[in-house]
Every structure is written in structure tokens, then in C-alpha cells.
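Step one of this worksheet: look at the structure below.
The values are calculated or read from the model by the stated rules, or taken from the named source; none is laboratory data. In this text, all values refer to a predicted model and were calculated from it rather than measured experimentally. Neighbour counts run over all protein chains shown; Cβ positions are idealised from the backbone, glycine included. Please note that ligands, DNA and RNA were not included when accessible areas were found on the heavy atoms of the full protein model with its side chains. Shrake-Rupley method; radii C 1.70, N 1.55, O 1.52, S 1.80 Å.
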Amino acid sequence: QVQLVESGGGLVQPGGSMRLSCAASRSSSSMMTMGWYRQAPGKERELVAIIASGGYTNYADTVKGRFTISRDNTKNTLYLQMNSLKPEDTALYYCTCREWNQNVYWGQGTQVTVSS
């Protein structure tokens, strides 16, 4: 089992920045991929960004150029730096990881609200 604990969410004004963190209970270097998803009220959960063990990254078109995903394997932590935030970025953000044996784990989520 892997526990994932997100932090860093809250309220931010449009155009502002925020960094989310996700602490893993096991070495993140053992994860094949780690990523962030989000779910807004009344909408499906959607991929925000993903990072593979070799550093390959992929982003949703809606966040490209504004969000940056990174991982620090020395701290077993995943990050999501979010800049130029828009009201439509408001959602519950989830951290996820997939092990090499294909087990998938999810965090409880952290709320991000972009509003003036």
C-alpha cells in the first residue's frame, strides 16, 4: 500500500500562483508514473499532468504553459506549480501514482479555488 497526502490547496485570485505537494509513504523512485488529476463539481475527473520515472512529462492542453509538474525522489514528493490561475482551474486536485506492478493509488484530494 502507498499513502499519498496532498497539501497546498486553498483560495487564490485569478492570475495568481499556487504550489501543490503530494507526499508519498514509499519511495517515489519506485513509482513508474506519478500525476495530478482534478475534478470540478458536476464534471468528470480529468488528467492535469503526469511525470514518468525517467522525467517524461505530459500535460492537459488546458494547463500547458501554466502548470509544471515535478518530483523530488529524495523527499518522496510530487509537486504541481500552478501559475496564471483561472477560475476554470477551480477543482479538487488529486495526486496519483502507478507502481511498476500496475497498482494505482490515489490521495484524498486538495481543494483549489480560484476566485476574486
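Taking first residues from the stretch 89-116 that are on the phi < 0 side of the Ramachandran plot and of a type in the set (K, R) and partners that are in a strand (DSSP E or B) and open to solvent by 60 Å² or more (accessible area, probe 1.4 Å), the Cβ contacts under 8 Å between residues at least 6 apart in sequence or on separate chains come to R98/V104. If you filter the stretch 83-103 down to residues that are touching a Phe, Trp or Tyr at 6+ places or on another chain (Cβ under 7 Å) and aromatic (F, W, Y), you find that the one that is least open to solvent (accessible area, probe 1.4 Å) is Y93. Among the residues of the stretch 41-54, those that are outside any strand (DSSP E or B) and surrounded by 14 or more Cβ atoms within 10 Å (Cβ to Cβ) comprise R45, S53. Here is the figure for the stretch 1-32: residues that are surrounded by fewer than 17 Cβ atoms within 10 Å (Cβ to Cβ), not basic (K, R) and not in a helix (DSSP H, G or I) total 16. Annotation: G35 fulfils all but one of (1) within 13 Å of the chain's Cα centre (by Cα); (2) part of a loop (DSSP other than H, G, I, E, B); the unmet one is (2). Within the stretch 55-82, the residues that satisfy the criterion of being open to solvent by 60 Å² or more (accessible area, probe 1.4 Å) and not in a strand (DSSP E or B) are Y56, D61, T62, K64, G65, N73, T74, K75. Taking the stretch 83-112 as the range and being of a type outside the set (K, R) and part of a loop (DSSP other than H, G, I, E, B) as the test, the residues that pass are N83, S84, L85, T90, W100, N101, Q102, N103, G107, Q108, G109.
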